[in-house]
Amino acid sequence: MLQFQPPGFIQQALATNLGVMAYYTSPQASPESSSPPRSPLVFLHSLGGGSSAFEWSKVYQSFGASHRVIAPDLIGWGQSTHPARNYRVDDYIYQLTHLLEALAEPPTLVVATSLTAGVVIRLAIQRPDLFRGLFLVSPSGNSDFGRDYALSLPALLAGTPGLDLWLYRLGAANELAVRFFLTQFLFADSTRITDDIVPAYLTSIQQPNARYTALASLNGTISFDLSRYVGQLKTPTVFVLGEKSRFTPPQQVKRLASLNPKAIQAVYEVPDSGVLPHLERPAVVIDWLKQFLESVG
């Protein structure tokens, strides 16, 4: 089985009611060590086709010595189990709650991307006791400010029985489609697509039953209007966005932040970067994450 995680990190497993969640972590110091215990730092990937914990690997490797990194493949993604089911927002609320309660010694510092970041905001409103701080890249509900993503053409096509599977196989689950998607939609500069990125995404998207989670994201099943929730957030939060993001426009992220300036303490824009600045320009994101960790203690 191919692995695409940094050296020194190990894969472990967490049993949940939905299946087994694989996660990557920096090993604990031996009991004889005099080093102080490291506080948990959780990294959560986005919910686009081929996503997995690999998405954050170029960032979290810089925090293994200072924190107990926990980077899961959410159920239905990466090396976790892939149950054939109709995924809903509540499935992700459950997964994240179980993960944090089981592994992360709440309140916890959490890093998340895109639609997952939107779900994290909703969970932080419901369970503020779970979170100490949020570092969120391009948070979105995909239907923000009254836009109904489920009525868009990609969502309608992905929600059409028969056509959805054809669309998935030809438009996502092959190397040509993965490379095209990364080049045309995720990265601002395709020369930054390193040799490990395409195989990592391809391996994830070709797992048995991977289509169920990918299509649930694409057809709008797990979309919601994040603008209806963000004003209720009380957890100290930072937003990060890529200047040239094609999926979540920078102005939309800034508009969401403006709804709650008390909780959302800063908005950082990564120059010349697409929707995944932590994969495209990790050094910049690492510096900002370090600053945020220092600010929340």
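For the range 253-275, the criterion of a residue being loosely packed, with under 14 Cβ neighbours inside 10 Å, of a type in the set (Lys, Arg) and within 22 Å of Phe54 (Cα to Cα) is satisfied by no position. Considering only residues of the range 214-241 that are over 23 Å from Val285 (Cα atoms) and among the aromatic types (Phe, Trp, Tyr), which is surrounded by the most Cβ atoms within 10 Å (Cβ to Cβ)? Out of the qualifying residues, it is Tyr229. Scanning the range 82-113 for residues that are part of a helix (DSSP H, G or I), in contact (Cβ under 8 Å) with a residue 40 or more places away in the chain and either touching a Phe, Trp or Tyr at 6+ places or on another chain (Cβ under 8 Å) or among the hydrophobic types (A, V, I, L, M, F, W, C) (or both) yields Val89, Leu96, Leu99, Leu100, Ala102, Leu103. Annotation: of all residues in the range 119-158 being part of a loop (DSSP other than H, G, I, E, B) and out of contact with any helix residue (DSSP H, G or I) (no Cβ under 6 Å at 6 or more places or on another chain), the one that is nearest to Leu100 (Cα to Cα) is Arg127.
Before we move on, is Ala150 crowded, with 17+ Cβ neighbours inside 10 Å and modelled with pLDDT under 95? Here the answer is no, as Ala150 does not meet what is asked. Taking the condition surrounded by 14 or more Cβ atoms within 10 Å (Cβ to Cβ) and at negative phi, does Asp164 pass? Yes, satisfied. It is to be established whether one or more residues within the range 90-99 are under 25 Å from Leu186 (Cα atoms) and surrounded by fewer than 23 Cβ atoms within 10 Å (Cβ to Cβ). No; the residues of the range 90-99 include none that is under 25 Å from Leu186 (Cα atoms) and surrounded by fewer than 23 Cβ atoms within 10 Å (Cβ to Cβ). When Asp164, Asp189 are checked against the criterion of being among the acidic types (Asp, Glu), over 26 Å from Val270 (Cβ atoms) and in contact (Cβ under 8 Å) with a residue 24 or more places away in the chain, a single residue qualifies: Asp164.
Restricted to helices (runs of 4 or more DSSP H) entirely inside the range 169-279, those with at least 1 residues that are under 27 Å from Lys290 (Cα atoms) are 197-205, 250-258.
The values are calculated or read from the model by the stated rules, or taken from the named source; none is laboratory data. Please read all numbers here as calculations on a predicted model, not as lab measurements. With ideal geometry, Cβ positions are generated from the backbone for all residues, glycine too; neighbour counts draw on all protein chains shown.
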